[in-house]
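For reference, the structure discussed in these notes is given below.
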Amino acid sequence: MILYPAIDLKDGKAVRLLRGDMDKATVFNDDPAAQAMEFVAAGCDWLHLVDLNGAFAGQPVNAAAVEAILARTKTPAQLGGGIRDMATIEMWLSKGLARVILGTVAVENPGLVREAAAAFPGQIAVGIDARDGRVATKGWAEVTDVDATELARSFEDAGVAAIIYTDINRDGAMQGPNVEATAALARAVTIPVIASGGVSSIADLIALRDCGAALNGAISGRALYDGAIDLREALAVLAG
């Protein structure tokens with residue numbers, strides 16, 4: 001299982017939110033590229049980037065910070081937030097991103113997800129962010145009536161590289177991931193699933209790894225910044 005250190009970008013800085021609330025942001029590093037290099041130096045195989053402002057704006061806002069990260073490291077990175085048309089997808093992949101994450105458009109324009117997955121095999125992921133099983137969009141500001149598992153199933157034949165499933169109620173709260181819901185979604189589809197939200201200890205990572213579902217990876221942010229998870233130790237445990 002791959003561990004993805006998260007760098008959430010707000011106003012050009014690396015931050016973490018509490019349950020997706022933009023008014024509850026903690027700044028952890030004024031230099032996101034330097035933060036990325038810390039994670040790379042610890043041995044991570046991937047980076048998980050989120051343009052928080054972009055998710056609300058519907059277009060890239062923290063592009064300069066993302067480009068600075070891509071310029072500093074060759075470690076594969078995936079990015080979500082404000083990517084809602086083919087031109088933006090093409091732009092980011094041309095700049096060196098390994099994978100783009102489509103969230104809001106997966107609900108509002110699923111045809112774009114299919115078109116992009118066909119055009120860029122292995123480079124398109126679907127971000128499914130849910131509150132109590134219902135999908136939230138537009139930076140988690142709007143909760144829809146769409147069931148998270150049904151949305152995931154709808155992309156079974158689309159050729160997407162991964163589904164990133166976030167339990168919003170757990171995100172940034174340091175209360176542990178929703179292992180049961182994540183495992184249930186992973187069992188419902190053949191697409192690799194990456195767990196996000198609430199991963200706050202190495203024990204949480206082990207629980208996700210051993211949950212009996214085909215989880216491809218887990219994302220952690222605040223726990224790495226707070227020191228609750230030592231990245232080198234976590235990588236070693238998951239490798240073992």
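I need a count of the residues in the stretch 58-82 that are under 18 Å from the mean Cα position of the chain (by Cα) and either small (Gly, Ala, Ser) or farther than 22 Å from Gly217 by Cα (or both). Spell out how you get there, then give the answer.
First, the residues of the stretch 58-82 that are under 18 Å from the mean Cα position of the chain (by Cα): 58-63, 65-67, 69-70, 75-82.
Keeping just the survivors that are either small (Gly, Ala, Ser) or farther than 22 Å from Gly217 by Cα (or both) gives 58-63, 65, 67, 77, 80-82.
Selection size over the stretch 58-82: 12.
Considering (1) out of contact with any Phe, Trp or Tyr (no Cβ under 7 Å at 6 or more places or on another chain); (2) among the hydrophobic types (A, V, I, L, M, F, W, C); (3) assigned to a strand (DSSP E or B); (4) open to solvent by less than 10 Å² (accessible area, probe 1.4 Å), the lone condition that Val27 does not fulfil carries the number (4).
Each row is one residue, and each column tells you yes or no for (1) touching a residue at least 60 places away in the same chain (Cβ under 8 Å); (2) basic (Lys, Arg); (3) farther than 25 Å from Lys10 by Cβ; (4) open to solvent by 20 Å² or more (accessible area, probe 1.4 Å).
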{"residue": "Ala98", "(1), (2), (3), (4)": "no, no, no, yes"}
{"residue": "Ala116", "(1), (2), (3), (4)": "no, no, yes, no"}
{"residue": "Phe120", "(1), (2), (3), (4)": "no, no, yes, yes"}
{"residue": "Gly133", "(1), (2), (3), (4)": "no, no, yes, yes"}
{"residue": "Glu142", "(1), (2), (3), (4)": "no, no, no, yes"}
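Taking the stretch 2-20 as the range and being surrounded by fewer than 16 Cβ atoms within 10 Å (Cβ to Cβ) and within 16 Å of the chain's Cα centre (by Cα) as the test, only Leu18 passes.
State all residues of the stretch 87-96 that are in contact with a Leu (Cβ under 9 Å, 6 or more places away or on another chain) and open to solvent by 30 Å² or more (accessible area, probe 1.4 Å); if no residue qualifies, say none. Full working, then the answer.
Step one: of the stretch 87-96, the residues in contact with a Leu (Cβ under 9 Å, 6 or more places away or on another chain) are 89, 92, 95-96.
Within the stretch 87-96, Lys95, Gly96 qualify.
Taken over the stretch 190-212, the residue count meeting the criterion of being touching a residue at least 12 places away in the same chain (Cβ under 8 Å), under 14 Å from Ile2 (Cα atoms) and assigned to a loop (DSSP other than H, G, I, E, B) is 2.
Residues checked against (1) under 20 Å from Lys95 (Cα atoms); (2) in contact (Cβ under 8 Å) with a residue 60 or more places away in the chain; (3) out of contact with any strand residue (DSSP E or B) (no Cβ under 6 Å at 6 or more places or on another chain); (4) among the polar types (S, T, N, Q):
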{"residue": "Met1", "(1), (2), (3), (4)": "no, yes, no, no"}
{"residue": "Gly12", "(1), (2), (3), (4)": "yes, no, yes, no"}
{"residue": "Leu17", "(1), (2), (3), (4)": "no, yes, no, no"}
{"residue": "Asp21", "(1), (2), (3), (4)": "no, no, yes, no"}
{"residue": "Phe28", "(1), (2), (3), (4)": "no, yes, no, no"}
{"residue": "Phe39", "(1), (2), (3), (4)": "no, yes, no, no"}
{"residue": "Ala42", "(1), (2), (3), (4)": "no, yes, yes, no"}
{"residue": "Gly58", "(1), (2), (3), (4)": "yes, yes, yes, no"}
{"residue": "Asn62", "(1), (2), (3), (4)": "yes, no, no, yes"}
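For the stretch 36-57, the criterion of being open to solvent by 60 Å² or more (accessible area, probe 1.4 Å), under 15 Å from the mean Cα position of the chain (by Cα) and closer than 24 Å to Ala136 by Cβ is met by none of the residues.
For the stretch 144-155, residues that are open to solvent by 20 Å² or more (accessible area, probe 1.4 Å) and either within 15 Å of the chain's Cα centre (by Cα) or of a type in the set (A, V, I, L, M, F, W, C) (or both) total 1. Checking each residue in the stretch 64-83 for being open to solvent by 10 Å² or more (accessible area, probe 1.4 Å), free of Cβ contacts under 8 Å to residues at least 40 places away in the same chain and of a type outside the set (Ser, Thr, Tyr) picks out Glu67, Ala68, Leu70, Ala71, Arg72, Lys74, Pro76. One residue stands out among those in the stretch 197-225 that are farther than 19 Å from Arg153 by Cβ and among the polar types (S, T, N, Q): the one that is least open to solvent (accessible area, probe 1.4 Å), which is Ser220.
Candidates are the residues of the stretch 122-155 that are modelled with pLDDT under 95 and basic (Lys, Arg); the one that is nearest to Ile101 (Cα to Cα) is Lys138. All of Ala181, Ala158, Ala228 fail the test of being at pLDDT 95 or above and surrounded by 17 or more Cβ atoms within 10 Å (Cβ to Cβ), apart from Ala158.
The values are calculated or read from the model by the stated rules, or taken from the named source; none is laboratory data. Note that the coordinates shown come from a computational prediction; the quantities given were computed from them, not determined experimentally. A quick note on method: Cβ atoms are made from the backbone with ideal geometry, for glycine too, and the neighbour counts reach across all protein chains shown. The accessibility values were calculated without ligands, DNA or RNA, using every heavy atom of the protein model including side chains. Shrake-Rupley method; radii C 1.70, N 1.55, O 1.52, S 1.80 Å.
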